[in-house]
Amino acid sequence: MSVPKKAQTIEEKQYLVRFKADKNSHLHVLDHDTCLTKCPDKICTIFCPAEVYKWEEIRMHVGYEGCHECGSCRIGCPYENIKWEYPKGGHGIVFRLA
Ligand code: SF4
Ligand code: SF4
């Protein structure tokens, strides 16, 4: 009997992740003008490991469906401009072990 190969690369580990997205976002950018005028580096687009935040010309798009629930954006936004909650029960990321 063969032993399943353990996921080692990021790509293999990402393959083990599944999402059950809610209809409503659990992440909210509170003030898009703050992003536009005070945050030239848009650092949430850098520190989020799931690339949830994408700057679209004048506002931040939030692809909450792919959030890994790491919590970094609760502390990483220098303007405390992201309201972060856990997804509603039964929704969000699902980790499978391998
Ligand atoms: S880090 Fe905060 S203020 Fe900066 S772009 Fe992201 S949400 Fe906006
Ligand atoms: S909790 Fe983590 S994965 Fe989710 S949006 Fe924030 S930084 Fe990205």
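The values are calculated or read from the model by the stated rules, or taken from the named source; none is laboratory data. All values derive from a computational prediction rather than experimental measurement. Every residue, glycine as well, gets a Cβ built from its backbone with ideal geometry; the counts of neighbours run over all protein chains shown.
Listed by first and then second residue, the pairs linking a residue in the range 58-80 that is within 17 Å of Cys35 (Cα to Cα) to a residue that is of a type in the set (Phe, Trp, Tyr) and at pLDDT below 95, with Cβ atoms under 6 Å apart and 6 or more places separating them unless they lie on different chains, are Cys73/Trp84; Arg74/Trp84. What are the residues in the range 71-86 that are surrounded by 14 or more Cβ atoms within 10 Å (Cβ to Cβ), near ligand 2 (Cβ under 10 Å from one of its atoms) and of a type outside the set (Val, Ile, Thr), if any? Listed by number, the residues that qualify are Ser72, Cys73, Gly76, Cys77, Trp84.
Being of a type in the set (Val, Ile, Thr) and free of Cβ contacts under 8 Å to residues at least 40 places away in the same chain is a description that does not apply to Ile93.
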